[in-house]
1. Would you check if VAL66 is within 16 Å of the chain's Cα centre (by Cα) and either exposed (fewer than 15 other Cβ atoms within 10 Å of the Cβ) or assigned to a loop (DSSP other than H, G, I, E, B) (or both)?
2. Restricting the search to the stretch 8-24, which residues are more than 8 Å from the chain's Cα centre (by Cα) and under 12 Å from VAL78 (Cβ atoms)?
3. Residue by residue through the stretch 19-63, note down the ones that are of a type in the set (Lys, Arg) and surrounded by fewer than 16 Cβ atoms within 10 Å (Cβ to Cβ).
4. So ASP89 ticks every box in (1) exposed (fewer than 13 other Cβ atoms within 10 Å of the Cβ); (2) not in a loop (DSSP other than H, G, I, E, B) but one. Which box is left unticked?
5. Can you pull out the residues in the stretch 104-135 that are of a type outside the set (A, V, I, L, M, F, W, C), out of contact with any strand residue (DSSP E or B) (no Cβ under 7 Å at 6 or more places or on another chain) and part of a loop (DSSP other than H, G, I, E, B)?
6. Pull out all pairs, ordered by first then second residue, where Cβ-Cβ is under 9 Å, the residues are six or more apart or on different chains, the first lies in the stretch 59-86 and is modelled with pLDDT of 95 or more, and the second is of a type in the set (S, T, N, Q) and assigned to a loop (DSSP other than H, G, I, E, B).
7. Sort out which residues of the stretch 91-132 are of a type in the set (D, E, K, R), modelled with pLDDT of 95 or more and more than 17 Å from ALA11 (Cβ to Cβ), and write them in order of number.
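The values are calculated or read from the model by the stated rules, or taken from the named source; none is laboratory data. All values derive from a computational prediction rather than experimental measurement. Cβ placement follows ideal geometry from the backbone for every residue including glycine, while neighbour counts extend to all protein chains displayed.
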Amino acid sequence: MRAISVQQPWAFAMARGGKDVFNQGSPTAYRGPVLVYASLRVDLGACDSPLILAAGWDPGDPLATVGAVIAVAGLDDVCDAAVAGGACDCGPWAGAEAYHWRLTGVTPLPRPVVALGKVGLWEPSATLVTEVRTMLASPAPSPSPG
């Protein structure tokens, strides 16, 4: 398993708003599960973007935090059409002149898992991976009777 560091509010858009493309300046040969890590850097200019607003950006949501893993996804493909000057069908989240790392099965975590991240694609510690897997395997708490 690997992790990707994504600035807020883009990480939130992945976890909650259907953002299924991670725009990068280089390709990767890695395919498989990735943790979505909300980095300590925030793209303040993007907070009012129509795409971010349409994704339901809510700074009060626990998954709007920074410095934590907030979701798990599959990295299934990398599209290089935009870099090659061509057109692609990667959707509204795809940036011009970027490699489009295509994500599937994005699953938000019930709560953020605070961690120290790294830039780009990185290998999380076994402890972090175990904590995330345990959280996802645990049944959601039942609502208490009224």
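1. Yes.
2. Hits for the stretch 8-24 are VAL21, ASN23, GLN24.
3. ARG31, ARG41
4. In the conditions (1) exposed (fewer than 13 other Cβ atoms within 10 Å of the Cβ); (2) not in a loop (DSSP other than H, G, I, E, B), ASP89 misses (2) alone.
5. The initial filter retains those residues of the stretch 104-135 that are of a type outside the set (A, V, I, L, M, F, W, C), namely 104-105, 107-108, 110-112, 117-118, 120, 123-125, 127, 130-131, 133-134.
With the extra rule that they be out of contact with any strand residue (DSSP E or B) (no Cβ under 7 Å at 6 or more places or on another chain), the set shrinks to 110-111, 125, 127, 130, 133-134.
Within the stretch 104-135, SER125 is the sole residue that qualifies.
6. Listed pairs, sorted by first residue: LEU75/THR28; VAL78/THR28.
7. Listed by number, the residues that qualify are GLU123, GLU131.
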